[in-house]
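Working notes, structure below.
The values are calculated or read from the model by the stated rules, or taken from the named source; none is laboratory data. Note that the coordinates shown come from a computational prediction; the quantities given were computed from them, not determined experimentally. Note that we place each Cβ from the backbone using ideal geometry, even for glycine, and neighbour counts take in every protein chain shown.
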2 protein chains.
Amino acid sequence: MLAENYKEMLNGKSVIRELFTYATERGKEIGYENVFDYSLGNPSVIPPKEFTQAMIRLLQEQDPMVLHGYSPTLGNPTFREAVAASLERRFGIPYTASDIFPTTGAAGAIAHAVRAVTVPGDEIITFAPYFPEYAPYINLTGAVLKIVPPRVEDFQINFEAFQEILNEKTMAVLINTPNNPSGIVYSTETIRRLASILTEKSKEYGHDIYVISDEPYREIVFEGADAPCVSAFYDNTLVCYSYSKSLSLPGERIGYVAVNPACKDAETIVQMCGQISRGTGHNCPPSLIQLAVAEVVDMTSDLSVYETNMNILYKELLDLGFTCVKPGGTFYIFPKALEEDARAFSEKAKKYDLMLVPGDSFGCPGYFRMAYCIDTEKVERSLVALRRFVKECYGK
Amino acid sequence: MLAENYKEMLNGKSVIRELFTYATERGKEIGYENVFDYSLGNPSVIPPKEFTQAMIRLLQEQDPMVLHGYSPTLGNPTFREAVAASLERRFGIPYTASDIFPTTGAAGAIAHAVRAVTVPGDEIITFAPYFPEYAPYINLTGAVLKIVPPRVEDFQINFEAFQEILNEKTMAVLINTPNNPSGIVYSTETIRRLASILTEKSKEYGHDIYVISDEPYREIVFEGADAPCVSAFYDNTLVCYSYSKSLSLPGERIGYVAVNPACKDAETIVQMCGQISRGTGHNCPPSLIQLAVAEVVDMTSDLSVYETNMNILYKELLDLGFTCVKPGGTFYIFPKALEEDARAFSEKAKKYDLMLVPGDSFGCPGYFRMAYCIDTEKVERSLVALRRFVKECYGK
């Protein structure tokens, strides 16, 4: 018989996907260039040309048996070494290849990290606003996702609420900084306080509590933002990284789990990831792409457009009277809607061809997300629609 | 706390891997060309040049935003359509794109298929000799793998034993033809009889029983073999395919689940696979490789070396007095060892630099596997060592 849990999931609808589908349909009527589609978090810039050149060179010059052969269980050593060396250079943490497990993007990384440090019934805490996919990612492993309500004044951690939810069954805390959907970056003070609480509670509960740090937006940090390296503050940190955003390769499925070498079980956790793969059918990201990424491991796409777009939108939103925390990174902004029901707000915006995602599915009703990974020219044109929308619907 | 089940798996040792490691070490002493390494099932021929050309052309000409962008949840439509059309052309079954779910190889395909048609506690039956990875693949989903003992005279299905194990909890039967490790192909008669029993038992038990048909060796079939298309005989068939062997791309992780369109839940199962991915962190195989494979979907590497090698080895093994079923495909052969304990037999063979994998881990003690995906020249040189081994150790 078919597995009912997965079958029932088919009835669930993604608000983001529905909005994107609407935008696509609307685009057929008026031209997609006239739809101000802030729905999807897809990179809008090309990968570095050095990546493409590395791919072509590998295909032309490398022995195809080596190039396309099976990766070892724990991934290609060239990739693992390149990642470890890059992390050490950038953050001063002495990662070695044995701390790195290559995965199919951050989704794959989280799938491994969660299975390594929890068993069914254990709890993982995350903080609203949060990426809605965390719920299926985690609940389908058998672990239970608990949500800390948001601290809306700055979208840092609501520590009071966190400490009420934290308990002996908490095995991991999942954080995402720079954050989807708020665009904010957890400050040094936030990370330091989180680390301190977890250290204390690990002792009290008599077991380690891990930080699973989902960092696909790590390279998209804006001027002046205080963006500390999470691992530097807490030994039991598993970084889940993806090159989807930094190299604009979302479809190629490449990322990694990096376990802080100061974590006493670092090498064991990485080896466990190799075993976890047998059940998930993972068996390493594509060999060719591991090798090509290893060659450009310190590069990124030209990510400057995201900061340009953020500044334009942030200024305009404030001018229009929105309450809005200034993003420190990512390509998202998360203002307060102009009425209590963000879904109604979003619905009205559609009439102005503005696709704004209501915050409900991010665990933060009353707010909305704009994904400004689009051309700056289109952001500028969207301001006219935004002004009309606000004026005609809310008299501002 | 670390998940003990995965941690304990680290103590498990793979006989195949150990033999391969020994072969590599021995190679450092005497030159790897002098080690007759029949341990690993890695393709020994290069991918078709058309694949490499397609990859380079896509990288040079395709818009990188499209090329490297996220695949839709159910995979790239170009790939899905190409696979469906190819299957229809070859097997006359009217597959359409909606029956195809792209996966990271056959391991990924099995991970999805098993989760779609079972819930924890359900049973899946497979037949010895079987690929040892089936145990972790299936047991880590929560389903329970049951093994039917081998029918050693021809390695077709032992139907008497099968019917004793079949029960109301059986939700799927996992078959692998052409078979690793025996190299045999299930005959039309075998498949017909299997289908007939499953049809009858599905009615009796009041629920569908699915066939999960693991077919990575489908393109490696030798002259004269009766190699029926499993799906053509049983509607509720989920084919798990990989291009690892047919296109020699094991490291690139590309394959698919193809649900027989005659299965009443075909489209639902494919859509469920998209949901299953959220828990396993799969999110489609690499976009570029889906597109490149779509262009060469009817091609294979030059696979003829495997049949050449098989004929040489089969003849020699018979001449030396081995009992051996002639392979109908793959790059494996599975003779009976010359003493009861195949592990002792394999250990002795190492002294002649022959790497032969004992059949115990394939659920078939007393037999041994040779993976003859190596150069023919080396196969020929190995015969001298094989003759010496047999003569000196067994007086034949």
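Out of A:ILE46, A:ILE30, I need the residue that is surrounded by 17 or more Cβ atoms within 10 Å (Cβ to Cβ) and more than 27 Å from B:SER244 (Cα to Cα). Which one? Don't jump to the end; show me each part of the working.
Numbers: A:ILE30 fails: surrounded by 17 or more Cβ atoms within 10 Å (Cβ to Cβ).
Sole residue among the options that is surrounded by 17 or more Cβ atoms within 10 Å (Cβ to Cβ) and more than 27 Å from B:SER244 (Cα to Cα): A:ILE46.
Looking at A:LEU58, A:LEU2, which is the one that is crowded, with 17+ Cβ neighbours inside 10 Å, within 29 Å of B:GLU50 (Cα to Cα) and out of contact with any His (no Cβ under 7 Å at 6 or more places or on another chain)?
On the way: A:LEU2 fails: within 29 Å of B:GLU50 (Cα to Cα).
Unique residue meeting the criteria: A:LEU58.
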Checking A:LYS264 against (1) in contact (Cβ under 8 Å) with a residue 40 or more places away in the chain; (2) more than 7 Å from every other protein chain (Cβ to nearest Cβ), the condition it does not meet | (1)
Residue hits (the stretch B:79-108; in contact with a helix residue (DSSP H, G or I) (Cβ under 9 Å, 6 or more places away or on another chain), under 17 Å from B:ILE175 (Cβ atoms) and within 9 Å of chain A (Cβ to nearest Cβ)) are B:ALA107
Residue count for the stretch B:181-201, restricted to those that are surrounded by fewer than 17 Cβ atoms within 10 Å (Cβ to Cβ) and of a type in the set (Ser, Thr, Tyr) = 3
Output the residue which, of all residues in the stretch B:33-43 that are in contact with a strand residue (DSSP E or B) (Cβ under 8 Å, 6 or more places away or on another chain) and within 17 Å of B:ALA349 (Cα to Cα), is surrounded by the fewest Cβ atoms within 10 Å (Cβ to Cβ).
-> B:LEU40
Residue identified as outside any helix (DSSP H, G or I), at pLDDT 95 or above, of a type in the set (A, V, I, L, M, F, W, C) and farther than 30 Å from A:LEU59 by Cα among A:VAL297, A:VAL257, A:VAL325 = A:VAL325
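Given the condition under 30 Å from A:TYR134 (Cα atoms) and crowded, with 24+ Cβ neighbours inside 10 Å, answer yes or no: does some residue in the stretch B:288-301 qualify? Break it down into steps so the answer makes sense when it comes.
Residues of the stretch B:288-301 under 30 Å from A:TYR134 (Cα atoms): B:288-291.
Subsequent filtering for residues that are crowded, with 24+ Cβ neighbours inside 10 Å retains B:288-289.
So far as the stretch B:288-301 goes, yes, one or more of its residues are under 30 Å from A:TYR134 (Cα atoms) and crowded, with 24+ Cβ neighbours inside 10 Å.
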May I ask you to verify whether A:VAL390 is free of Cβ contacts under 8 Å to residues at least 24 places away in the same chain, closer than 25 Å to A:GLU18 by Cα, of a type in the set (A, V, I, L, M) and not in a loop (DSSP other than H, G, I, E, B)?
-> no
Those helices (runs of 4 or more DSSP H) lying entirely in the stretch A:132-221 with at least 3 residues touching an Asp or Glu at 6+ places or on another chain (Cβ under 6 Å) | A:188-205
From A:THR126, A:THR177, A:THR118, residue being closer than 18 Å to A:ASN236 by Cβ, in the same structural domain as A:LEU238 (by TED's automatic domain parsing) and over 20 Å from the mean Cα position of the chain (by Cα) | A:THR118
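Quick one: would you say B:PHE155 is among the hydrophobic types (A, V, I, L, M, F, W, C), at pLDDT 95 or above and at negative phi? Working first, answer last.
On the way: among the hydrophobic types (A, V, I, L, M, F, W, C): yes; at pLDDT 95 or above: yes; at negative phi: no.
So B:PHE155 fails the test.
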Checking B:SER196 against (1) among the small types (Gly, Ala, Ser); (2) free of Cβ contacts under 8 Å to residues at least 40 places away in the same chain; (3) within 14 Å of chain A (Cβ to nearest Cβ), the condition it does not meet | (3)
